[in-house]
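Structure first, then comments.
The values are calculated or read from the model by the stated rules, or taken from the named source; none is laboratory data. All values derive from a computational prediction rather than experimental measurement. No Cβ is skipped: glycine too gets one built from the backbone with ideal geometry, and neighbour counts run over all protein chains shown.
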Amino acid sequence: MGRLEGKVVIVTGGNSGVGAATAMLFAKEGAKVVISARRQAQLDDVAAKIREAGGEVLPVVTDISKPEDAKNLVAKTVEAYGKVDVLVNNAGVLEEGLKPIDRVSDEDMDRILGINTKGTMYCMREALAEMKKANYGSIVNVASVAGVMGCGGAAYVSSKAAIVGVTRHTALRFAGTGIRCNAVCPGSIATPMVANARPENLDPDMFGQMAKHGDLRVPVCMPEDVANILLFLASDESKAITGQAIVSDFGSTL
């Protein structure tokens, strides 16, 4: 308890899955948590649970694919709490069907890269403007094992590989300043987003290729598993760690 006491944390995609689990865990550890997502009702549900447990939370409706929304998210955080200590970039989307590079659509590229990559970078840019004032901060990006191993649809893989790259870039840019940046790359996670994937939409060729790099006997991550890693990287316990992309998949891709 108290590992984030006094810290102000932004969690994007805080309305469900990993984001909700992270927000609740961080609040339990003493953080003032700002949660964002596009849907007000789901944000309010998570906020209510945090408050019922005695935590402090501010829900802010945000579409991270819009730079003005990312700016507003950080501005609302500073207005309420005066600073930004931690940013967890968790918001993201999957494409329909694991489309490989020779079948990927322009629409998928625009939507997925717009949210997963550009949206993450918009939030990083705005949070860093505040972190630089204090020479302190931890950014933790939720990427994916897909961005490391290439196992997924082309648009999604590209979006998550880009997050790994910009994580290392940011760590290098701010090395020695007190600002850190790391990424967590989960394997399959039991979340509503994954559960809603329709088997009939999966590209059979890509699904077959991906099966070569996975062991179906190995369990999938639960949101809480990822949240625990995010907590470590957000806290000062990991102050010596920056520029790392940590795969969390129970060893399924080894």
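Points worth noting:
- Residue list for segment 60-88, restricted to those being in contact with an Asp or Glu (Cβ under 6 Å, 6 or more places away or on another chain) and part of a loop (DSSP other than H, G, I, E, B): Thr62, Asp63, Val84
- Asn201 being within 27 Å of Arg180 (Cα to Cα), of a type in the set (S, T, N, Q) and either surrounded by fewer than 17 Cβ atoms within 10 Å (Cβ to Cβ) or at pLDDT below 75 (or both): no
- A Cβ distance below 8 Å, combined with a sequence gap of six or more or placement on separate chains, defines the contacts here; from segment 38-59, residues that are under 12 Å from Gly19 (Cβ atoms) and in contact (Cβ under 8 Å) with a residue 24 or more places away in the chain reach residues that are among the polar types (S, T, N, Q) and assigned to a strand (DSSP E or B) in the pairs Leu43/Ser36; Pro59/Ser36.
- The numbered conditions (1) under 27 Å from Ala21 (Cβ atoms); (2) modelled with pLDDT of 95 or more are all true for Arg173 except (1).
- Candidates Ala91, Ala127, filtered to the one that is within 19 Å of Ile163 (Cα to Cα), in a loop (DSSP other than H, G, I, E, B) and at pLDDT 95 or above: Ala91
- Residue in segment 130-174 that is nearest to Ile112 (Cα to Cα), counting only those that are of a type outside the set (Gly, Ala, Ser), in a helix (DSSP H, G or I) and under 13 Å from the mean Cα position of the chain (by Cα): Lys160
- Condition check for Ser159: under 23 Å from Leu254 (Cβ atoms), crowded, with 24+ Cβ neighbours inside 10 Å and small (Gly, Ala, Ser): no
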